1. Hey, among the residues in segment 20-40 that are among the basic types (Lys, Arg) and without any contact (Cβ under 8 Å) to a residue 40 or more places away in the chain, which one's farthest from residue 77 (Cα to Cα)?
2. Contact list please: Cβ distance under 8 Å, first residue in segment 41-52 and within 16 Å of residue 85 (Cβ to Cβ), second residue assigned to a loop (DSSP other than H, G, I, E, B), pairs at least six apart or on different chains.
3. If only one of 96, 88 is more than 14 Å from residue 19 (Cβ to Cβ), part of a helix (DSSP H, G or I) and in contact (Cβ under 8 Å) with a residue 60 or more places away in the chain, which one is it?
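FYI, it's all coordinate maths here, none of it is from the lab. The structure presented is a predicted model; accordingly, all values stated were derived computationally and were not measured. Glycine also receives a Cβ, built like all others from the backbone with ideal geometry; neighbour counts cover every protein chain displayed.
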Amino acid sequence: MGMIDISKKLSNEKPILKIAEGKEYKVNNSKNTMLLIDQQMRSGENEVESMDYVIRLTLGEKAFKEIESMEMPFSDYKILFIGVMAAVSGQTYDEVEKNFNTPS
């Protein structure tokens, strides 16, 4: 059969999530991170605790603490969460937003 070269199709780049001027965070979108997110979302835990877990896991502890200190309204926190999920899944924000039935 020969060699199938997929090297040009693969990327180890991490997406960047910008939430404000000067507030940009690299998103951990690895397969293992996605498995942990899936497990957390299926666990039936409290919605906000699950969102916190996903944000901490994907953006890191330092970014999570910075975001927490912003004390953003819950509606904005949901927007942040959807942005993180879009970055992790490789989908657009709008595609992920439809799955969460969140108004724009």
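1. Among those residues, the one meeting the criterion is 31.
2. 50/43
3. So the residue among 96, 88 that is more than 14 Å from residue 19 (Cβ to Cβ), part of a helix (DSSP H, G or I) and in contact (Cβ under 8 Å) with a residue 60 or more places away in the chain is 88.
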